[in-house]
């Protein structure tokens, strides 16, 4: 909860955009719209499908056709085909209605030439005659049109198939269309600025339990072997310790954990090695297996262990030859579907479901986010001697990533795109980031800022429209890089299931029954991020590595003085209530307020004689505190507080340390070693302090109504517990009196 006032520059602003919100399109036609959280934008769509029997224009008796769609000052061009009189383009052009400065649309077919392109034919359409289409209407069917010459006379040969209509951004062709606001981008660059929906791969923890080996064949039988097992999965490689049994039958019983992604592409390679000298290992055998046949574990019960044959490859006359022998390795391999593979920070995770779909519960709600616009974006690059930004947004929730289209050369882009996610846990966070597109110039995508919204802080069925400040920390200090305008709605499909979710632990059961160490989780999270980044980078257009890492907070665990101070302030804020009670008790003991001291002593005497009233008193006190705090409950979703993160008070020397490379770039080797060690240890301490503060803040928030459902449940529980304890205390007293009377009589 926000504790300190912050400057207006970094404050959250409530807005009133021209959105429907109710799902009904105005203008007479009552049609349910999928785009009711964003401003409706009208477009003129022209779909060029194909042409046939185009007349020849070249001396070779053929033509190299392409199509121009002209609308006022805007012109969209398809690619050309060489020597083809029946080309197929299947391309959609979208012209923004507020940019139209013409009364008709002209579709021209031309022949590509070296010097001057030849005119083949054209088709005219008046804007007033173009029909309107609103989903869920079926797409408008394309039809054939005869081409006309420059005198508007029909050609004997040559037709073009197209469809033309007026619609909004809710049209299904919107994301794949060529847009008039990107007219400066060539046909080759259109695919790099389109909006897309991505799905990150489903991740599993692969556990390899190395038990023992049997009948290993050694090249030198006179020495005691020092055997270890090396396991490789893609870019991940782990080794067991050297076996304490210096024999041909070594044993380990050691777990090695990896991250695997569906579909499973890399095989699991297991190699048995003997340490024959410093930095020199001899391969005693290896086996390769595919993950598709590996057992999937859903609970804490171990899967059966199996013996696997080891193969040894020897080099004979420059060729690898397989040597058959009876060495075996005893392994227990499983894909642990009962865990959730963390690729995000636990506190900011958008998904806590286990890997196996068999353990998934039904959804509890729907999250809808309208990415409306941005204002005041900082220029990220230079073009023609001036600063410019080609901005797009990326939103991530669960395995679904969405990317808006790129608005070219604008510091105040308007996207007006809406997306929907299924919600399985209310204690999750959606992240929306703003980036500058570097595809067009072959550079990196530069991050402009991001916004996080925790779903548990949202009231159900309410539309939140706010302008969020984009705040970044730079080597020169905290900086505002613009504002992002969002509309958010969280709809509940099962209120009972949602409330029941609050009674469950945060992570799946396996994380508590068979927990992974902190070091393991750090390494596995890093591997998970690398896998997700590589898979999303293979899409078209790709989500670049720097985008994925920025959205997933890579490097957030690195030590910094600023974060340590901020976490200390968080702990002090959580403990402020205990400190206040201690000061109040001290004032009572010193009779600062005699009347209060007398009343507290009377209450103390009552509790001494009737100790069964202690818990009812405590619960009723918490109940009334929760009811009292309801009047000041937050009305807006939380946002970044630069005071809470200590971003506004950080010094230049602390910033220099935070933005220093890891490992450090200091010149002295000794300083580098000590500095890195300090940062590594400090990062662990910082994480522990942050986790302690997080748990305290969660308990504190039960009475703050930041999450109205959790606070309502806790306050109701306190009231019922208090009343029941009072009744129990009264009944217990009456029974005691009755027993005493009976014994006396």
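Just so it is clear, none of the values below were taken in a lab; they were calculated from the coordinates. Keep in mind it's a predicted model, so treat the numbers as computed, not measured. Neighbour counts run over all protein chains shown; Cβ positions are idealised from the backbone, glycine included.
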Amide N of the stretch 32-72 lying under 18 Å from the label point, which is placed 7 angstrom from the Cα of residue 157 along Cα→Cβ: 51-66
How high is the FRET efficiency from residue 546 to residue 672, r the C-beta distance, R0 25 Å, rounded to 0.05? 0.45
Over the stretch 203-336, what is the relative contact order in whole percent, taking alpha-carbon pairs under 8 Å and six or more residues apart? 31 percent
Output the 0 to 90 degree angle, nearest 10, between the alpha-carbon long axis of helix 518-536 and the longest principal axis computed from the alpha carbons of the chain. 10 degrees
Computed over the chain: longest principal axis from alpha-carbon atoms vs helix 614-629 long axis, angle to nearest 10 degrees, is 30 degrees
Against the longest alpha carbon principal axis of the chain, how many degrees, from 0 to 90 and to the nearest 10, is the axis of helix 669-701 turned? 80 degrees
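How much length is gained if the chain between residue 575 and residue 237 is pulled fully straight, taking 0.36 nm per residue apart and subtracting their Cα-Cα distance, in nm to one decimal?
Once the chain is fully extended between residue 575 and residue 237, it gains 117.3 nm.
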What shape does the stretch 580-666 take by its C-alpha gyration tensor, where a ≥ b ≥ c are the square roots of the eigenvalues and a/c under 1.5 counts as rounded, a/b above b/c as prolate, and the rest as oblate? prolate
Taking the Cα centre of each part, how many Å lie between the stretch 146-208 and the stretch 607-621? 70 Å
Looking at the stretch 42-194, send over the antiparallel percent of its DSSP beta bridges, to the nearest 5. 95 percent
Assuming a ≥ b ≥ c are the square roots of the Cα gyration tensor eigenvalues, decide whether the stretch 42-194 counts as rounded (a/c under 1.5), prolate (otherwise, with a/b larger than b/c) or oblate. prolate
Calculate the length of the line joining the C-alpha centroid of the stretch 53-98 to that of the stretch 283-304, in whole Å. 56 Å
Fraction of the pair-distance distribution of the chain above 43 Å, Cα-Cα pairs, percent: 47 percent
Length-normalised contact order of the chain in % [C-alpha pairs under 8 Å, at least 6 apart]: 11 percent
So, by mean Cβ neighbours within 10 angstrom, what's the order for 227-238, 569-580 with the highest one leading? 227-238, 569-580
Given R₀ = 56 Å, what would the calculated FRET efficiency be for residue 422 paired with residue 223, taking r from the Cβ atoms and rounding to 0.05? 0.40
Efficiency of FRET between residue 141 and residue 18 - r from beta-carbon atoms, R0 30 angstrom, step 0.05: 0.40
Please work out whether the stretch 540-588 counts as rounded, prolate or oblate from its C-alpha gyration tensor, where a ≥ b ≥ c are the square roots of the eigenvalues and a/c under 1.5 means rounded, while otherwise a/b larger than b/c means prolate and anything else oblate? prolate
